Amino acid sequence: MKVVILAGGFGTRIPEYSSKIPKPMVKIINKPILMHIIEHYIRHGFNEFYIALGYKSEVIKKYIRTTKLGKKTKIHLIETGKNTMTGGRLKRLKKYISDKTFMMTYGDGLSNIDLKKLLRFHKKNNKLVTLTAVRPPARFGAIKLKKNLVNYFKEKSKMDEGWINGGFFVIEPEFLKYIKNDATYLEREPLEILTKKKQLSAFRHEGFWQCMDTKRDKDRLEEILKRKKNY
(Lines give C-alpha, C1' and ligand atoms only; values in the text may rest on other atoms or scores of the structure.)
Protein backbone atom coordinates (compact mmCIF):
# COMPACT_ATOMS: atom_id res chain seq x y z
CA MET A 1 0.00 0.00 0.00
CA LYS A 2 1.22 3.50 -0.86
CA VAL A 3 2.02 6.01 1.88
CA VAL A 4 1.92 9.77 1.24
CA ILE A 5 3.94 12.08 3.49
CA LEU A 6 3.30 15.82 3.20
CA ALA A 7 6.72 17.43 3.56
CA GLY A 8 6.56 20.73 1.68
CA GLY A 9 5.47 23.35 4.20
CA PHE A 10 7.48 26.38 5.32
CA GLY A 11 7.63 25.40 8.99
CA THR A 12 7.12 29.01 10.10
CA ARG A 13 6.56 28.11 13.77
CA ILE A 14 9.99 26.57 14.13
CA PRO A 15 12.22 29.23 12.48
CA GLU A 16 15.26 28.17 14.54
CA TYR A 17 15.61 25.31 12.05
CA SER A 18 13.31 26.00 9.10
CA SER A 19 15.27 29.04 7.94
CA LYS A 20 17.91 26.59 6.72
CA ILE A 21 16.15 23.25 6.25
CA PRO A 22 12.55 22.01 5.74
CA LYS A 23 10.84 21.01 8.97
CA PRO A 24 10.75 17.25 8.15
CA MET A 25 14.56 17.34 8.14
CA VAL A 26 14.84 18.64 11.72
CA LYS A 27 16.73 15.96 13.62
CA ILE A 28 15.36 14.05 16.59
CA ILE A 29 18.16 12.01 18.21
CA ASN A 30 20.49 12.62 15.25
CA LYS A 31 17.94 11.52 12.63
CA PRO A 32 15.44 13.65 10.64
CA ILE A 33 11.89 13.31 11.92
CA LEU A 34 10.96 12.31 8.36
CA MET A 35 13.04 9.14 8.71
CA HIS A 36 11.49 8.31 12.08
CA ILE A 37 8.08 8.49 10.36
CA ILE A 38 9.19 6.35 7.42
CA GLU A 39 10.72 3.74 9.73
CA HIS A 40 7.50 3.55 11.74
CA TYR A 41 5.55 2.67 8.59
CA ILE A 42 8.21 0.16 7.54
CA ARG A 43 7.95 -1.60 10.92
CA HIS A 44 4.26 -2.17 10.15
CA GLY A 45 4.94 -3.53 6.68
CA PHE A 46 4.41 -0.41 4.51
CA ASN A 47 7.33 0.14 2.15
CA GLU A 48 6.30 2.46 -0.70
CA PHE A 49 6.37 6.19 -0.01
CA TYR A 50 5.43 9.31 -1.96
CA ILE A 51 7.01 12.38 -0.38
CA ALA A 52 5.20 15.60 -1.37
CA LEU A 53 7.97 18.19 -1.61
CA GLY A 54 7.90 21.99 -1.63
CA TYR A 55 9.99 24.33 0.54
CA LYS A 56 13.74 23.57 0.34
CA SER A 57 13.01 20.28 -1.40
CA GLU A 58 16.64 19.88 -2.46
CA VAL A 59 17.61 19.17 1.17
CA ILE A 60 15.24 16.21 1.40
CA LYS A 61 16.27 14.94 -2.05
CA LYS A 62 19.94 14.97 -1.15
CA TYR A 63 19.35 13.18 2.13
CA ILE A 64 17.18 10.41 0.66
CA ARG A 65 19.51 9.84 -2.27
CA THR A 66 22.51 9.42 0.03
CA THR A 67 20.80 7.28 2.68
CA LYS A 68 20.85 3.49 2.61
CA LEU A 69 17.34 2.04 2.64
CA GLY A 70 16.08 -1.52 2.78
CA LYS A 71 15.80 -3.38 -0.54
CA LYS A 72 11.99 -3.44 -0.33
CA THR A 73 11.69 0.27 0.48
CA LYS A 74 10.74 2.60 -2.38
CA ILE A 75 10.71 6.36 -1.88
CA HIS A 76 9.34 8.61 -4.63
CA LEU A 77 10.22 12.30 -4.32
CA ILE A 78 7.52 14.43 -5.95
CA GLU A 79 7.65 18.21 -6.36
CA THR A 80 4.23 19.62 -5.40
CA GLY A 81 4.94 23.37 -5.43
CA LYS A 82 6.55 25.71 -2.95
CA ASN A 83 3.34 27.58 -2.06
CA THR A 84 0.85 24.72 -2.37
CA MET A 85 -1.40 24.00 0.61
CA THR A 86 -1.90 20.55 2.20
CA GLY A 87 -4.92 19.59 0.13
CA GLY A 88 -3.31 20.88 -3.04
CA ARG A 89 -0.22 18.76 -2.43
CA LEU A 90 -2.36 15.66 -2.13
CA LYS A 91 -4.28 16.59 -5.30
CA ARG A 92 -1.01 16.95 -7.20
CA LEU A 93 -0.21 13.32 -6.40
CA LYS A 94 -3.43 12.10 -8.00
CA LYS A 95 -1.78 10.35 -10.93
CA TYR A 96 0.38 8.34 -8.52
CA ILE A 97 -2.22 7.37 -5.90
CA SER A 98 -5.68 7.52 -7.46
CA ASP A 99 -6.15 3.80 -8.11
CA LYS A 100 -6.27 2.22 -4.63
CA THR A 101 -6.67 2.95 -0.92
CA PHE A 102 -3.61 4.77 0.44
CA MET A 103 -2.24 6.10 3.73
CA MET A 104 -1.23 9.68 4.43
CA THR A 105 0.47 11.61 7.19
CA TYR A 106 2.35 14.84 7.81
CA GLY A 107 6.13 15.13 7.97
CA ASP A 108 6.23 16.54 11.49
CA GLY A 109 4.57 14.13 13.92
CA LEU A 110 5.44 10.86 15.63
CA SER A 111 3.22 8.22 17.20
CA ASN A 112 3.25 4.57 18.22
CA ILE A 113 -0.08 4.01 16.46
CA ASP A 114 -0.70 0.46 15.23
CA LEU A 115 -0.97 1.19 11.50
CA LYS A 116 -2.28 -2.25 10.56
CA LYS A 117 -5.01 -1.89 13.14
CA LEU A 118 -5.83 1.54 11.70
CA LEU A 119 -6.14 0.01 8.23
CA ARG A 120 -8.41 -2.81 9.45
CA PHE A 121 -10.59 -0.23 11.17
CA HIS A 122 -10.84 1.79 7.96
CA LYS A 123 -11.89 -1.22 5.89
CA LYS A 124 -14.44 -2.29 8.48
CA ASN A 125 -16.11 1.14 8.62
CA ASN A 126 -16.19 1.59 4.84
CA LYS A 127 -15.83 5.40 4.76
CA LEU A 128 -13.91 7.59 2.31
CA VAL A 129 -11.45 8.78 4.95
CA THR A 130 -10.35 7.59 8.38
CA LEU A 131 -8.36 9.94 10.56
CA THR A 132 -6.58 9.13 13.79
CA ALA A 133 -8.06 10.93 16.79
CA VAL A 134 -5.59 11.63 19.59
CA ARG A 135 -5.67 13.37 22.94
CA PRO A 136 -3.31 16.37 22.72
CA PRO A 137 -2.40 19.33 24.90
CA ALA A 138 -5.30 21.77 25.30
CA ARG A 139 -3.70 24.32 22.92
CA PHE A 140 -5.02 22.38 19.93
CA GLY A 141 -8.44 22.41 18.34
CA ALA A 142 -10.96 19.61 18.58
CA ILE A 143 -13.21 17.20 16.75
CA LYS A 144 -16.47 15.69 18.00
CA LEU A 145 -16.96 11.96 17.70
CA LYS A 146 -20.14 9.95 17.57
CA LYS A 147 -19.35 6.26 17.72
CA ASN A 148 -16.78 5.85 14.93
CA LEU A 149 -17.82 8.92 12.92
CA VAL A 150 -16.59 12.49 13.05
CA ASN A 151 -19.66 14.73 13.28
CA TYR A 152 -17.82 18.02 13.86
CA PHE A 153 -14.48 19.13 12.42
CA LYS A 154 -12.88 22.54 12.91
CA GLU A 155 -9.16 23.16 12.63
CA LYS A 156 -7.79 25.20 15.55
CA SER A 157 -11.23 25.44 17.16
CA LYS A 158 -11.49 26.77 20.72
CA MET A 159 -13.71 23.85 21.60
CA ASP A 160 -12.13 21.34 23.96
CA GLU A 161 -13.67 17.96 23.31
CA GLY A 162 -10.49 16.11 24.20
CA TRP A 163 -9.75 14.76 20.71
CA ILE A 164 -7.99 16.25 17.67
CA ASN A 165 -6.84 15.14 14.25
CA GLY A 166 -3.58 13.26 14.89
CA GLY A 167 -2.52 13.23 11.25
CA PHE A 168 -2.42 9.52 10.39
CA PHE A 169 -5.00 8.88 7.65
CA VAL A 170 -6.31 6.09 5.47
CA ILE A 171 -7.91 7.50 2.32
CA GLU A 172 -9.95 6.22 -0.60
CA PRO A 173 -8.98 7.76 -3.97
CA GLU A 174 -12.53 9.10 -4.50
CA PHE A 175 -11.78 11.66 -1.79
CA LEU A 176 -9.48 13.59 -4.13
CA LYS A 177 -12.49 15.02 -6.00
CA TYR A 178 -13.29 17.15 -2.93
CA ILE A 179 -9.96 18.99 -3.25
CA LYS A 180 -10.31 21.98 -5.59
CA ASN A 181 -6.81 23.28 -6.26
CA ASP A 182 -3.40 24.22 -4.86
CA ALA A 183 -4.96 26.71 -2.43
CA THR A 184 -7.11 24.08 -0.71
CA TYR A 185 -6.30 23.18 2.87
CA LEU A 186 -6.98 19.49 3.45
CA GLU A 187 -8.08 20.25 7.00
CA ARG A 188 -10.77 22.72 6.04
CA GLU A 189 -13.42 22.33 3.33
CA PRO A 190 -12.62 18.78 2.13
CA LEU A 191 -12.82 17.16 5.56
CA GLU A 192 -15.68 19.40 6.66
CA ILE A 193 -17.68 18.23 3.62
CA LEU A 194 -16.97 14.59 4.47
CA THR A 195 -18.11 15.22 8.01
CA LYS A 196 -21.52 16.45 6.73
CA LYS A 197 -21.75 13.45 4.40
CA LYS A 198 -20.87 11.08 7.28
CA GLN A 199 -17.89 9.81 5.33
CA LEU A 200 -15.17 10.67 7.85
CA SER A 201 -14.47 8.05 10.51
CA ALA A 202 -12.17 8.32 13.51
CA PHE A 203 -9.76 5.75 14.87
CA ARG A 204 -9.11 6.53 18.53
CA HIS A 205 -5.47 6.30 19.57
CA GLU A 206 -4.80 6.55 23.30
CA GLY A 207 -1.04 5.92 23.07
CA PHE A 208 1.95 8.08 22.32
CA TRP A 209 1.52 10.99 19.91
CA GLN A 210 3.50 14.19 19.58
CA CYS A 211 3.72 16.73 16.79
CA MET A 212 6.68 19.05 16.21
CA ASP A 213 5.28 22.51 15.64
CA THR A 214 7.82 24.39 17.75
CA LYS A 215 11.30 23.99 19.23
CA ARG A 216 9.63 23.13 22.52
CA ASP A 217 7.88 20.23 20.80
CA LYS A 218 11.18 19.16 19.25
CA ASP A 219 12.89 19.10 22.64
CA ARG A 220 10.00 17.11 24.12
CA LEU A 221 10.22 14.54 21.34
CA GLU A 222 13.92 14.07 22.01
CA GLU A 223 13.24 13.51 25.70
CA ILE A 224 10.57 10.91 24.90
CA LEU A 225 12.72 9.02 22.40
CA LYS A 226 15.66 8.95 24.77
CA ARG A 227 13.45 7.21 27.35
CA LYS A 228 11.58 4.85 25.06
CA LYS A 229 12.69 2.49 22.32
CA ASN A 230 10.30 2.77 19.36
CA TYR A 231 8.44 5.43 21.37
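The values are calculated or read from the model by the stated rules, or taken from the named source; none is laboratory data. Here the structure is a predicted model, which is why all the values come from computation and not from measurement. Virtual Cβ from ideal backbone geometry, glycine too; neighbours counted across all protein chains shown.
Annotations for the structure displayed:
- For region 181-199, a residue qualifies if it is within 15 Å of Asn165 (Cα to Cα) and in contact with a helix residue (DSSP H, G or I) (Cβ under 6 Å, 6 or more places away or on another chain), and the qualifying residues are Tyr185, Leu186, Pro190.
- Filtering region 29-49 to residues that are β-branched (Val, Ile, Thr), more than 16 Å from Leu77 (Cα to Cα) and under 17 Å from the mean Cα position of the chain (by Cα) leaves Ile33, Ile42.
- The listed residue being out of contact with any strand residue (DSSP E or B) (no Cβ under 8 Å at 6 or more places or on another chain), outside any loop (DSSP other than H, G, I, E, B), of a type in the set (Gly, Ala, Ser) and under 22 Å from Ile171 (Cβ atoms), out of Gly9, Gly81, Gly87: Gly87
- In region 154-165 there is at least one residue that is acidic (Asp, Glu), part of a loop (DSSP other than H, G, I, E, B) and either at pLDDT 90 or above or farther than 29 Å from Met25 by Cβ (or both).
- Top-ranked residue of region 198-221 - restricted to ones that are in a loop (DSSP other than H, G, I, E, B) and over 16 Å from the mean Cα position of the chain (by Cα), ranked as surrounded by the most Cβ atoms within 10 Å (Cβ to Cβ): Gln199
- Applying the set (1) part of a helix (DSSP H, G or I); (2) buried (at least 21 other Cβ atoms within 10 Å of the Cβ); (3) under 16 Å from the mean Cα position of the chain (by Cα); (4) not polar (S, T, N, Q) to Ala52 leaves exactly one unmet item: (1).
- Residue in region 185-197 that is touching a residue at least 24 places away in the same chain (Cβ under 8 Å), in a loop (DSSP other than H, G, I, E, B) and β-branched (Val, Ile, Thr) present: no
- Of the criteria (1) under 25 Å from Tyr41 (Cβ atoms); (2) modelled with pLDDT under 90, which one Glu223 fails: (2)
- Enumeration of residues in region 55-78 that are hydroxyl-bearing (Ser, Thr, Tyr), without any contact (Cβ under 8 Å) to a residue 40 or more places away in the chain, surrounded by 12 or more Cβ atoms within 10 Å (Cβ to Cβ) and part of a loop (DSSP other than H, G, I, E, B): Thr67, Thr73
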